[in-house]
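Bear in mind that the values in this text are calculations on the coordinates, not laboratory data. All values derive from a computational prediction rather than experimental measurement. As a convention, Cβ positions derive from the backbone with ideal geometry for all residues, glycine included, and neighbour counts pool all protein chains shown.
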Amino acid sequence: MDPVREQPHSLVSVCVSLGSNLGDRAAHLAAGVAALRATPGISGVELSSVYETDPVGPPPQGLYLNAAARFETSLAADVLLLRLLAIESGQARRRTRERSGPRTLDLDLLLFGDRRIDEPGLVVPHPRLHRRAFVLEPLSEIAGAWLHPVLGETIAELAERVRDPTTVRRLPEQARETGRSNTIVN
């Protein structure tokens, strides 16, 4: 795979989820956003609000901070995935066999335009996207009208179906603006 391969003359709208429940969660999210913005071939990064969410997976785990990003890219999907993995590694992400274990930074490629991709190591749209309130709630803020390319429903419709304000809680905007520990805006 050529790590700098771009798609010829086309930009694709992309959505990525961000999550962290280890260490300085907000700093890990901020570093992930900064790395996305600094990546050649990525432009116009738009962010959702930050949410605090209950962990999904084996206990004991701390609460997560989750957000979503939407941007344009000229990178091919497989190259973008490699970049996301490199950004995670830069935040000391340790991958284990446990799928839903704790992590410093998790970046998932959710949507790549209206494309369906099913290759070893890369499935888009993300196969569990439609079941994850902690992903859909922030994603619906910045891509609510986006049509899921397989299910044919909007992200807002999918979010409404799984919404649970007891487990996915939007953090106050004033806390984000004052630079407290839950901000990811750089």
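Points to keep in mind about this one:
- Listed values for the stretch 118-134 are Karplus-derived 3J(HN,Hα) couplings in whole Hz (6.51 cos²θ - 1.76 cosθ + 1.60, θ = phi - 60°), namely 9, 10, x, x, 8, 10, 9, x, 3, x, 10, 3, 5, 10, 10, 4, 5, and x replaces Gly and Pro.
- Cβ-based net charge around R169, under 10 Å, with every Lys or Arg adding one and every Asp or Glu removing one: -3
- Computed over the stretch 12-177: relative contact order in percent, which uses C-alpha pairs under 8 Å that are six or more apart: 29 percent
- Close amide H contacts of G62 (hydrogens built in the peptide plane, cut-off under 5 Å, sequence separation of 5 or more or a different chain): none are found.
- Order of V12, V124, V135 - criterion: other Cβ atoms within 10 Å of each residue's Cβ, fewest first: V12, V124, V135
- With all projection directions averaged, the alpha carbon convex hull of the stretch 12-177 covers 9.2 nm².
- Gain on full stretching of the segment that runs from R170 to A38 - 0.36 nm per residue minus C-alpha separation: 44.8 nm
- Rg(Cα)/(2.2 N^0.38 Å) for the stretch 33-75, N = residue count: 1.52
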